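Q: Got a structure here, written out as structure tokens. Questions coming.
FYI, it's all coordinate maths here, none of it is from the lab. Small disclaimer: the values here were computed from a predicted structure and weren't measured. When we count neighbours, we look across all protein chains shown, and the Cβ atoms used for this are built from the backbone with ideal geometry, even at glycine.
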Amino acid sequence: MPVVMDAEHVGRALQRIAHEIVERHRTLDDVALVGIRTRGVPMARRLASAVRAIAGRELPAGALDITLYRDDLMAIGPRPVVGETRLPPGGIDGRTVVIVDDVCYTGRTARAAMDELADFGRPARILLCVLVDRGGRELPVHPDIVGRSMEAAPDERVDVLVPELDGRLAVELVTPARGG
């Protein structure tokens, strides 16, 4: 599988994203990060640490499990595995909530995350932050902050690997095996 971004490139992209989060807000008092399970959560933690290094302040972070908010819930089976949703300390009402995900593709994951957030409160603003925007939108959802944009064919997959789950930090482009 071709490596699109190695650990060094991912680290630089996360630093750029953290700088952009800091630069977009006059104060970070009302900003919170919420990672989408699974790989958005460790990315949100990395961004919180990077913001702390830049601005001297760590942003509160939480985690969303969007399983029950997916529009393809019936397709994934009768007993989906649901993880924990944990809001940032202080909740989300009146805050700018930065939803963090690994890859933006169709826009359906981001839509589900926004639907879930609406059930927990009313943020002042929601920003979508992704490490990789691979194009191919099915819904009118566009990330506000992007580490890297790239094109991938509909039959290709963009995999973000994180040390907590995969043992290393990288982005890979997975192409289907061609028969021949």
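Q: I'd like the Karplus ³J(HN,Hα) series for the range 125-130: coefficients 6.51, -1.76, 1.60, θ = phi - 60°, whole numbers in Hz, and an x wherever there's a Gly or Pro.
A: For the range 125-130, the Karplus curve yields 7, 10, 10, 9, 10, 10 Hz.
Q: Okay, moving on. If packing is taken as the average number of other Cβ atoms within 10 Å across a peptide's residues, how do 83-90, 135-142 rank, most packed first?
A: Descending mean neighbour count gives 83-90, 135-142.
Q: Radius of gyration and Dmax for the range 8-154's Cα atoms, expressed in Å?
A: When restricted to Cα atoms, the range 8-154 yields Rg and Dmax of 14.8, 46 Å.
Q: Short version: ³J(HN,Hα) in whole Hz for each residue of the range 84-94, in order, from phi by Karplus 6.51 cos²θ - 1.76 cosθ + 1.60 (θ = phi - 60°), x for Gly and Pro, what are they?
A: 7, 9, 10, 6, x, x, x, x, 10, 4, x
Q: Here is a follow-up. Could you calculate the contour length gain from ASP155 to ARG178, that is, 0.36 nm times the residue separation minus the distance between their Cα atoms, to one decimal place in nm? Walk me through the intermediate numbers first.
A: Working: separation 23, 0.36 × 23 = 8.28 nm, distance 1.12 nm.
Between ASP155 and ARG178, full extension yields 7.2 nm more.
Q: While we're on this one: Would you order VAL3, VAL132 from fewest to most other beta-carbon atoms within 10 Å of each residue's own beta-carbon?
A: VAL3, VAL132
Q: Would you work out which of ALA124, THR85, ALA170 lies farthest towards the positive end of the dipole of the range 37-180? Charges go on Cβ: Lys and Arg +1, Asp and Glu -1.
A: So the residue we want is ALA124.
Q: Treating the beta-carbon of each Lys and Arg as +1 and of each Asp and Glu as -1, no other charges, what is the dipole magnitude of the range 8-154 about its Cα centre, to the nearest 20 debye?
A: On the way: 21 positive and 20 negative charges, 60 e Å.
That gives a dipole near 300 debye.
Q: Can you list residues whose amide H is under 5 Å from LEU127's amide H, if they're 5+ apart or on another chain and H is modeled 1.01 Å from N?
A: For LEU127, the qualifying residues are VAL97, VAL98, ILE99.
Q: Considering amide H positions built from the backbone, and no H for Pro or chain starts, which residues 5 or more places from GLY35, or on another chain, come under 5 Å of its amide H?
A: Under 5 Å from the amide H of GLY35: GLY62, ALA63, LEU64, VAL100.
Q: Considering Cα pairs under 8 angstrom that are at least six residues apart, work out the relative contact order of the chain and quote it in whole percent.
A: It comes to 25 percent, rounded to a whole number.
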